[in-house]
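Colleague: Dropping a structure here in structure tokens format, bear with me for questions.
The values are calculated or read from the model by the stated rules, or taken from the named source; none is laboratory data. Being a predicted model, the structure only gives us computed values, none of them experimental. Virtual Cβ from ideal backbone geometry, glycine too; neighbours counted across all protein chains shown.
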Protein chains: 2
Amino acid sequence: MSKEDIGITVSKEDDFSEWYTQVVLKAKLADYAPVKGLIVLRPDGYSVWESLRNTFDQKFFKNGIRNGFLPVLIPESLLGKEKKHFAGFNPEVFWVTHSGENEIGDRLALRPTSETLAYTLYSKWIQSWRDLPLKINFWNTALRAEIKATKPFLRTSEFLWQEGHTVHATKEEAEEEVMKILEIYKNTVEDELAIPVVIGKKSEKEKFVGAVYTTTMESIMPDGKALQMGTSHFLGQNFSIPFEVKFADKDNVEHFAWQTSWGVSWRLIGAMIMIHGDNKGLVLPPKVAPIQVVIVPIYNSEETKKKVIPKAIEIQEELASENIRVHFDDRDELTPGYKFNDWELKGVPIRIEIGPKDIEKQSALIAKRYNKEKTSIQFDKIKNIVSILDEIQKQMLESAKIQSGKNTKKVDSYAEFKSKISEGGFFNAYWCGNQECEEKIKEETSADIRVIPFDSEDTSGKCMYCQKQSMCKPVFARGY
Amino acid sequence: MSKEDIGITVSKEDDFSEWYTQVVLKAKLADYAPVKGLIVLRPDGYSVWESLRNTFDQKFFKNGIRNGFLPVLIPESLLGKEKKHFAGFNPEVFWVTHSGENEIGDRLALRPTSETLAYTLYSKWIQSWRDLPLKINFWNTALRAEIKATKPFLRTSEFLWQEGHTVHATKEEAEEEVMKILEIYKNTVEDELAIPVVIGKKSEKEKFVGAVYTTTMESIMPDGKALQMGTSHFLGQNFSIPFEVKFADKDNVEHFAWQTSWGVSWRLIGAMIMIHGDNKGLVLPPKVAPIQVVIVPIYNSEETKKKVIPKAIEIQEELASENIRVHFDDRDELTPGYKFNDWELKGVPIRIEIGPKDIEKQSALIAKRYNKEKTSIQFDKIKNIVSILDEIQKQMLESAKIQSGKNTKKVDSYAEFKSKISEGGFFNAYWCGNQECEEKIKEETSADIRVIPFDSEDTSGKCMYCQKQSMCKPVFARGY
């Protein structure tokens, strides 16, 4: 295989879509499965997901949420119990009709989402106020048949996600939960993946069909398209009434409960690839990198090798003792140059190079992946790499914020909006709150309301479409 | 609800099967899903699985194994590629025939196991000796339609498991891997779940159809039935040939690779319930208990409450600082007696009782769940609970070994075997190695060869069935 075949052959600027697919495949994050629409995760991809899962689990647990397990099969009769909800998923459902040679009477759906299944159980489990709040999260997959071309992490017929489902005695408590989760989502995505997000509400048109309202976090990708990064829904009593999720209060009076549901998926990994990756491949934020530091020894003779290897091992051990995920690349048959490209493609945050001259100077060379900066570090300061990794993490968020800021625009008129929409980006514009205008804008520009930021109520302007008094200033964009 | 409804209403000795189901449901480990054959895990059940997963993950990782993700859908054409293997699963496969309104051409199977899918990918990923060994584990579920009555954790149509799939350059290395995994399985089950196991090989008749040979760990349950606790298969080149899992060696000569696969499922949780549970409910080994210590305050007036609560909180904080998973049961409306029953049902290893008299004596009462022993502990020695939990863990294994020893019997003749088999238990008996004898024994007694222990080659006796010279001394039993 030539060097070209191994590395990325198109530039992020010229062919974003092809660049993305090459990074996913060549950095060995994922691969296509034999069924159209499905992908598999290779260890380097799955470990980013595991890292996110661990962080979310810790935060969920502190918030009184615990994990459970739900089966993948839901009977058709149950899925149809909440009609509006069902209608939304119906065209995408995979149906199981046979087990072995036997036909199944009530067809079984592969879970597109688990509200109906979870709440059937919750109605059994919840009797009294003592059973509330009930807060359970499920790490599983959802299955929704995709007809468009597969895009790893972004458009697949089965995807990894978590879905949380909570039940509360009061409306206020449920609404607080919706916001607590959105906050956990936001700070995890910013702190772990170094991706800035805008949080707010979805419009009525764009909300989850089963919800009273949907809160969302959205990010703008380098190609100018918006990506929904996670949603947290206030379900009100939309499910508790049909599913009879009821509780007796302290005076033994029965009430329907108040509910929330919320989820993030492996789309987050897709966003991370798009936001941080460059023309050499993947760039991983240190916190989620399976390997944070790779050590590449440099030698050209048995004699220099004998000097370099023991020092490399010593550094490896020192970094490992600081809980850094460090790898020593001791492959003897490959050149340092090949190794540099290989680890850059895979996005390892720091590369340490050690050669005979470095040993003379008692220092090593450090190459930072995200900004390609090279510095040297004294051997006796090697533990500073802990704080260098922290700095990289922060700088990656700062640089993503700048990128995202450049992609966020204000427009004063619909004419301006139409002329700029094909450049891509987030557009802040006034809106009257009327769904008709929203639909017209979508029809004419393919852009929709991604998010109505929480602080964007604003009646001082005029709807960019109809010129009536504005209600708020949402973020419009074309989306994934 | 009366106290009887909440607690276990049958005894383990009198009606083991009903006792088991009540423990699962009433300790809130699991519940039935709306589809026959499927269960859901509630947080207390799932957290035992999470704890096992974390332990296995650490051990797998040390052994160079990493996790990945595979989709649940496998095309029929692919599943049928290894014929013998497919024939074994065919009657149990769930088939997806439609997505939305559209019929799917090549029907999709819900994964009964992932050999065919994984190895299709492995054949792409592996080119040269540098890509080996490839060792990936998948935490997912398997789906195999069950026709018999559902038994939570033991017989369900979807079950949580892990399936590991490794590829090696040499036969020797693959066979070593099979044994390393079996060893990880054994020490995890013994150390975490306090369950002794017998390890060895399956007979030709009982092996995984796709394997050259299957190694297994088996345990004997208190009702005298054997439970397969996990298997590790040497696949030889049975899959690498049809799936073309090949590699070029250093001289660029192509070879078919050598493979292993292995798995444990949530059956392990079923075994834990059966082995340790008693007539008051679940008994959890400390290492996998979501709550290791519960503190129950005892007071009969506002005045005594004011003394007791702060001390209880102080102890809670002290134990939490030692990384003990501790819960303070401050429910004001329930009696201590009710709480004792509740936490006993749920199997919490240690209960601490604190009342006003305890505070005078500067000590608390400790009740150990597994042997019902009560002792007192001085407040200033409270951190000793760390080592008390360790002791409980060890003693539970010791006591399970004694139980298992009593259920392990030697028989000298087939007549004796037939007369004793209905008592249940593991039976060590000579066997000639001939499958005909094995089948006759199965036919006449419903017992099969559970495991041929590694140290059981023995030609000094006579086959209990045909009286010919023995080859080994396997363990016979009726199984789950």
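Colleague: If I go through region A:234-258 residue by residue, how many of them are assigned to a loop (DSSP other than H, G, I, E, B), over 14 Å from A:H168 (Cβ atoms) and of a type in the set (A, V, I, L, M, F, W, C)?
Modeller: 3
Colleague: Right, next: Check A:E333, A:E314, A:E353 and return the single one that is of a type in the set (D, E), part of a helix (DSSP H, G or I) and either touching a residue at least 40 places away in the same chain (Cβ under 8 Å) or out of contact with any strand residue (DSSP E or B) (no Cβ under 9 Å at 6 or more places or on another chain) (or both).
Modeller: It is A:E314.
Colleague: Let me spell it out: the conditions are (1) in a helix (DSSP H, G or I); (2) out of contact with any strand residue (DSSP E or B) (no Cβ under 6 Å at 6 or more places or on another chain); (3) farther than 19 Å from B:D278 by Cβ; (4) within 14 Å of another protein chain (Cβ to nearest Cβ), and B:A320 meets all of them except one. Which number is the exception?
Modeller: Evaluating B:A320 over (1) in a helix (DSSP H, G or I); (2) out of contact with any strand residue (DSSP E or B) (no Cβ under 6 Å at 6 or more places or on another chain); (3) farther than 19 Å from B:D278 by Cβ; (4) within 14 Å of another protein chain (Cβ to nearest Cβ) leaves (2) as the failure.
Colleague: Tally up the residues in region B:84-101 that are part of a loop (DSSP other than H, G, I, E, B) and crowded, with 18+ Cβ neighbours inside 10 Å, please.
Modeller: Final tally of qualifying residues: 1.
Colleague: Looking at the structure I just gave you, is A:L121 of a type in the set (A, V, I, L, M), in a strand (DSSP E or B) and within 8 Å of another protein chain (Cβ to nearest Cβ)?
Modeller: Judged against the criteria, A:L121 is not a match.
Colleague: Hey, another quick one. Hey, can you tell me all the residues within region B:4-36 that are out of contact with any Gly (no Cβ under 9 Å at 6 or more places or on another chain) and modelled with pLDDT under 95?
Modeller: Within region B:4-36, B:E4, B:D5, B:I6, B:P34, B:V35, B:K36 meet the criteria.
Colleague: Separate question: Among A:E391, A:E457, A:E416, which is the only one that is exposed (fewer than 14 other Cβ atoms within 10 Å of the Cβ) and more than 30 Å from A:L319 (Cβ to Cβ)?
Modeller: From the options A:E391, A:E457, A:E416, the qualifying one is A:E457.
Colleague: Ok, one more. Can you pull out the residues in region A:336-350 that are surrounded by 18 or more Cβ atoms within 10 Å (Cβ to Cβ) and not in a loop (DSSP other than H, G, I, E, B)?
Modeller: Scanning region A:336-350 gives A:K339, A:D342, A:W343, A:E344, A:L345, A:I350.
Colleague: Among the numbered criteria (1) within 11 Å of chain B (Cβ to nearest Cβ); (2) free of Cβ contacts under 8 Å to residues at least 40 places away in the same chain; (3) of a type in the set (D, E, K, R), which one does A:E176 miss?
Modeller: The number of the failed condition is (1).
Colleague: Does B:D106 satisfy the criteria of being within 9 Å of chain A (Cβ to nearest Cβ), within 28 Å of A:Y32 (Cα to Cα) and of a type outside the set (V, I, T)?
Modeller: For B:D106, the condition - within 9 Å of chain A (Cβ to nearest Cβ), within 28 Å of A:Y32 (Cα to Cα) and of a type outside the set (V, I, T) - is met.
Colleague: Given B:I104, B:I147, which one is without any contact (Cβ under 8 Å) to a residue 12 or more places away in the chain, buried (at least 17 other Cβ atoms within 10 Å of the Cβ) and under 19 Å from A:G100 (Cβ atoms)?
Modeller: B:I104
Colleague: Is there a residue in region B:223-232 that is farther than 30 Å from B:W19 by Cβ, hydroxyl-bearing (S, T, Y), in the same structural domain as B:T120 (by TED's automatic domain parsing) and in contact (Cβ under 8 Å) with a residue 40 or more places away in the chain?
Modeller: Within region B:223-232, one or more residues are farther than 30 Å from B:W19 by Cβ, hydroxyl-bearing (S, T, Y), in the same structural domain as B:T120 (by TED's automatic domain parsing) and in contact (Cβ under 8 Å) with a residue 40 or more places away in the chain.
Colleague: Go over the candidates A:L284, A:L268 one by one and state the one that is crowded, with 23+ Cβ neighbours inside 10 Å, modelled with pLDDT of 95 or more and either more than 13 Å from the chain's Cα centre (by Cα) or not in a helix (DSSP H, G or I) (or both).
Modeller: Just a single option satisfies the conditions, and that option is A:L284.
Colleague: Still on this structure, I have one more. I need a count of the residues in region B:125-155 that are in a strand (DSSP E or B), over 17 Å from B:R111 (Cα atoms) and more than 11 Å from chain A (Cβ to nearest Cβ).
Modeller: Here the count works out to 1.
Colleague: Taking region B:441-476 only, how many residues are more than 30 Å from the chain's Cα centre (by Cα) and among the basic types (K, R)?
Modeller: The qualifying residues number 2.
Colleague: Could you tell me whether B:K372 is at positive phi, in the same structural domain as B:L345 (by TED's automatic domain parsing) and either modelled with pLDDT of 95 or more or of a type in the set (D, E, K, R) (or both)?
Modeller: Here the answer is yes, as B:K372 does meet what is asked.
Colleague: So, one more: Looking at region A:23-47 only, could you name the residues that are within 11 Å of another protein chain (Cβ to nearest Cβ), assigned to a helix (DSSP H, G or I) and either in contact (Cβ under 8 Å) with a residue 40 or more places away in the chain or surrounded by fewer than 22 Cβ atoms within 10 Å (Cβ to Cβ) (or both)?
Modeller: If the condition is that a residue be within 11 Å of another protein chain (Cβ to nearest Cβ), assigned to a helix (DSSP H, G or I) and either in contact (Cβ under 8 Å) with a residue 40 or more places away in the chain or surrounded by fewer than 22 Cβ atoms within 10 Å (Cβ to Cβ) (or both), then A:L25, A:P43, A:D44, A:G45, A:S47 are the ones that fit.
Colleague: Further, regarding this structure: Looking only at region B:82-101, count how many residues are of a type outside the set (V, I, T) and within 8 Å of chain A (Cβ to nearest Cβ).
Modeller: Of the residues in that region, 9 qualify.
Colleague: Which of the residues spanning region A:204-255 are more than 15 Å from A:P453 (Cα to Cα), basic (K, R) and in contact with a Ser or Thr (Cβ under 9 Å, 6 or more places away or on another chain)?
Modeller: Scanning region A:204-255 gives A:K246, A:K250.
Colleague: For region B:48-79, which positions are within 8 Å of chain A (Cβ to nearest Cβ) and outside any strand (DSSP E or B)?
Modeller: Listed by number, the residues that qualify are B:W49, B:E50, B:L70, B:P71, B:V72, B:L78.
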